[in-house]
Amino acid sequence: MPKKILVIDDEDSIRKSFVLALEDVDCKVDTASSGEEGVKKTAAKYDIIFCDLKMPGLSGVETVRLIRKKDKKTPIFIVTAFSKEFAEGLKKLEKDDIDFQLLSKPLSSDKIVAIVEGTLEGLASY
Amino acid sequence: MMMQDASFYGIKTAELAELSISDQNSIPENRKKIDRVFSLFGYDVFLSTYIATLFSDIFREMLLGQTPKLKISIHGKKEPYFLAFSFSLPRGSGLMRRIKCSFDEVKVTAGPKANHILAFSRLHVNGMSGQLLKELRKALEFKSKEELYRELDSTYTKLNSSKKMAQMEKMSAVGTLSAGIAHELNNPLMGIINFVQYCLKHTPPEDKRHGVLSDAKREALRCAELVQNMLSFSRLEESGVEEITIEEHDIGPVFDEALKLLLYRIEKENVQVVREKSAAVSVAMNRNQLKQVLLSVTSNALDAMRLSKKKILTLKTIVSGKVVSIFIGDTGTGISKDVLSRIFDPFFTTKPVGQGTGLGLTICQTIVGKHAGEIKVNSESGKGTVFEILLPLQGTPHA
């Protein structure tokens, strides 16, 4: 069964980047163009979630917080170019023991694939 | 020397403090006054003879109709004392060069007709009693003492720090700008890289377009590198020193690590490394950041020697007082004067397109600054360059 990945990003080119990179390795990629849409989509089950940090409306920090209310397990990657305005929010997420990992942009498709494969293998070995 | 009252000098306080010259006729008289001041100084204080003779020239050249005022005061609370001279000089009088040579520090404020000059000269106090110094100060007083000292103190500090301030302001502005641009560029750039990579993957290597796509990918990656540099620079600008981990480390091993990363180049390019042994020196630093500085400066040194016949990289660490100096010297092309003044400017580079982002030294300077240190450069065109990285010592050096 192909693995299901959710990409939440307001930028079309980023969403497409993930789709192109991951569909090539037989993943099924769903996208959401806002935090709100992303939260709705997580009603379905995903294997990995990528979420942008800086988005209009719900920010990445808020989106991840909402997703984690229901889903404690799915690995979530927050994708960002370092931005000071969210440093506090990210620290708070960590403090509240909300599980996530940070990835810095730009991400090449090789790296995206490596992260996905590495994460799935890691999960499988548990 | 017996101290008497201020009249001992034969000059009234006000006269000494503020010699006003309203026309040329008064010059000989003023000259006399000044001579007396200097002859008095001569007993216990040795002023550069340059300055003594310079003053006669200055007065000779003063414009008619102007009322330039000469103010003399002693500056400093302990040695070295400075004599501060404040006066105006008509523009274009040709004396500026001599003034600049004669004084230790000269600050010029340009006016439409005359330049106002504040010059400092080191006072060589030779066995001068504290009492005499006090009297001298008193004699030279023309405003409230505190006011004058404050003024001079701030001017003197400004003299030293204005350059640094300007640089810091520039850094901060560029930091903000870089961060903005880099953030905006990051997303589309990520798109470009991935789209190209996708096309590349689905184009057979024998297809002519494969090469073109490879070129496109390489160029996009170059942009990504620049963006990363801009981001790490702005991050440095944003983060206070308290946000980075500072620990005591011995400089030696950090230097070793930086050199290890360059070993391949050093061997390939036949560079001779002269490393002077030094005692272990512990400095409070962020290890990674300092390593980055050493790496950057050393790698620049290698770049500078690429075409040199003699390739010697000299590394040494010298402790003097509470400061440790790390010297990184090369026998490369050297840096010309006009370039030297700009090497720390963001985005300034003399390297060929694609080989330098012009942020390396800017980042180094910011890092060293965050460590309360300083970077100095000494360079001679055609002979080579020596970078000196000064860092404050926390503990005392231990062997």
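For chain A, what are the DSSP H helices with axial Cα length of 20 Å or more and mean Kyte-Doolittle hydropathy of at least -0.5?
Length and hydropathy pass: A:109-124.
I need the calculated FRET efficiency for the pair B:Asp250 and B:Glu388, taking r as the beta carbon distance and R₀ as 22 Å, to the nearest 0.05.
0.70
Rank these for me by crowding, A:Arg65, B:Arg218, going from fewest to most other beta carbons within 10 Å.
If I rank by nearby Cβ atoms, fewest first, I get B:Arg218, A:Arg65.
Determine, from the Cβ-Cβ distance of B:Lys310 and B:Cys223 and an R0 of 41 Å, the FRET efficiency 1/(1 + (r/R0)^6), rounded to the nearest 0.05.
0.65
I need the semi-axes of the equivalent ellipsoid of the range A:3-119: take the C-alpha gyration tensor, multiply each eigenvalue by 5, square-root it, list largest first in whole angstrom.
So the equivalent ellipsoid measures 20, 15, 14 Å along its semi-axes.
Would you mind listing how long the range B:274-322 runs along its three principal axes, going by Cα atoms, in whole Å with the largest first?
37, 22, 15
Using a 7 Å offset from the Cα along the Cα-to-Cβ direction at both A:Lys72 and A:Leu103, what is the distance between the two label points in nm, to one decimal?
Inter-label distance under the simple model: 2.5 nm.
I need the shape label for the range A:61-106. Rule: rounded when a/c is under 1.5, else prolate if a/b > b/c, else oblate, with a, b, c from the alpha carbon gyration tensor.
oblate
Output the pairs from A:Lys4/A:Lys69; B:Lys208/B:Lys351; A:Lys16/A:Lys45; A:Lys69/B:Lys201; B:Lys217/B:Lys310 with a Cα-Cα distance over 29 Å in this structure; if there are none, say none.
B:Lys208/B:Lys351; A:Lys69/B:Lys201; B:Lys217/B:Lys310
Mind checking the full-extension length gain between B:Thr349 and B:Ala280? Use 0.36 nm per residue of separation minus the Cα-Cα distance, one decimal, nm.
Gain in length upon complete extension: 21.4 nm.
At 0.36 nm per residue, minus the direct Cα-Cα distance, what do B:Phe327 and B:Arg265 gain on full extension? Give it in nm, one decimal, please.
Net length gain for the segment: 20.3 nm.
Computed from the coordinates by the stated procedures, all read-outs in this text should not be read as laboratory data. None of the values given here were measured: they were computed from a predicted structure. Cβ coordinates were reconstructed from backbone atoms using ideal geometry, including for glycine residues, and neighbour counts include every protein chain displayed.
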